[in-house]
Structure formats: structure tokens, C-alpha cells
Amino acid sequence: MRIALFEPEIAGNVGAVLRLGACLGAAVDLIEPMGFAWDDRRVRRTAMDYIDHVAITRHAGFDAFRATIGAARLVLFTTKSRQSAYEFAFTADDILLFGKESGGVPPAVADACDARVRIPMRPQVRSMNLATSAALALGEALRQTASLPGG
């Protein structure tokens, strides 16, 4: 299972997702451009030494990323979906895609995805933090596929 971040804008969120990937065994794909310099020390500060325990791949753009995924299913997490992530059947080779913090993904990227799901939340709020969303999504996907790491 992999997590893909489309044009992430906040270094701290990327660092937290890298730490999540390290802890739960998921590779992380970063789709550029990013809203910060990659050598930004905030990424390493948030990811800490966990950054050395996660496979990270950077892609020049969405097309370059898409060319690397083969037959894997691309599952977009979006507030614009009616399909709950908790009622969706994940597979072990899914790639969980998250859009940039300020605006998600453009329609062309959403259309290129195999599925669109949402994390249910109260209607009076707009969205969750990117790293929080990734943690909820990855935890559920790994649980469904019996792929959670052993204690």
C-alpha cells in the first residue's frame, strides 16, 4: 500500500505522513511541485529519524507519477465524494491519493482516479488536516486488507 500526496504545501504535514508511512509500512509518493523546499528542515523535524525508514519517491508531476503505478488502483480521498472510506473495499496494492491542503486536486486528476472516497465528518466543517486524513485512511485500508504491522 502507498500514500501519494498531490502537490503538498505544508512541510509539517509531509513530515507527519512520512512518519506515518514509516510506522505502518507504506511507501510515500510526493507529486511535485511542492509548496516548500524539499530540504526544508521542518520536514525532517516532523518526520524525525523515521524518514530513514520509509520509501519516498518524488515525481515531477501527476503524469510522471501516473506512469509509475502500473495496474495499481488509485483511490482519491476527497470531500466531494459520497462513498465512505469505511464502506469501500480496499486492496493491498491500492495507492491512497490526497490533494493539496488548499484545494485538493484539479478535475483532470480526479477523473484519472479509479475510485473516490471520503472520510465521514460533521457537515458544519470543511475538511480534516492532511496528515490526520492520511492516518485514518491508511489505518482503515490496512485493517481491511489484514496488512497492519504486528505489535
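The values are calculated or read from the model by the stated rules, or taken from the named source; none is laboratory data. Computed from a prediction, not measured in an experiment: that's the story for all the values here. FYI the Cβ positions are ideal-geometry reconstructions off the backbone, even for glycines, and counts take in every protein chain you see. Areas reflect the complete protein model, heavy atoms only, side chains present, ligands, DNA and RNA absent. Shrake-Rupley method; radii C 1.70, N 1.55, O 1.52, S 1.80 Å.
General remarks:
- Qualifying residue in region 62-77 (condition: in a loop (DSSP other than H, G, I, E, B), among the basic types (Lys, Arg) and under 14 Å from the mean Cα position of the chain (by Cα)): yes
- All positions within region 42-77 that are under 29 Å from MET121 (Cα atoms), buried (at least 19 other Cβ atoms within 10 Å of the Cβ) and either modelled with pLDDT of 95 or more or among the acidic types (Asp, Glu) (or both): PHE62, LEU74, VAL75, LEU76, PHE77
- Filtered residues of region 104-117 (kept if open to solvent by 70 Å² or more (accessible area, probe 1.4 Å) and either among the hydroxyl-bearing types (Ser, Thr, Tyr) or within 14 Å of the chain's Cα centre (by Cα) (or both)): ARG116
- If you go through region 84-100 and keep only what is in a loop (DSSP other than H, G, I, E, B) and of a type in the set (S, T, N, Q), you end up with just THR91.
- Subset of region 137-151 (residues that are open to solvent by 70 Å² or more (accessible area, probe 1.4 Å) and not small (Gly, Ala, Ser)): ARG143, LEU148
- Test for ARG58: is it of a type in the set (D, E, K, R), closer than 27 Å to PRO33 by Cα and either part of a helix (DSSP H, G or I) or touching a residue at least 40 places away in the same chain (Cβ under 8 Å) (or both): no
- Boolean, LYS80 is of a type in the set (D, E, K, R) and open to solvent by less than 70 Å² (accessible area, probe 1.4 Å): no
- Among the residues of region 101-151, the ones that are in contact (Cβ under 8 Å) with a residue 60 or more places away in the chain, touching a strand residue (DSSP E or B) at 6+ places or on another chain (Cβ under 7 Å) and part of a loop (DSSP other than H, G, I, E, B) come to 1 in all.
- Residue satisfying condition, being at pLDDT below 95 and among the β-branched types (Val, Ile, Thr), within set VAL14, VAL28: VAL14
- For THR91: the one exception among (1) touching a residue at least 40 places away in the same chain (Cβ under 8 Å); (2) within 13 Å of the chain's Cα centre (by Cα): (2)
- Among the residues making up region 1-16, those that are part of a helix (DSSP H, G or I) and either open to solvent by less than 10 Å² (accessible area, probe 1.4 Å) or not aliphatic (A, V, I, L, M) (or both) are ALA11, GLY12, ASN13, VAL14, GLY15.
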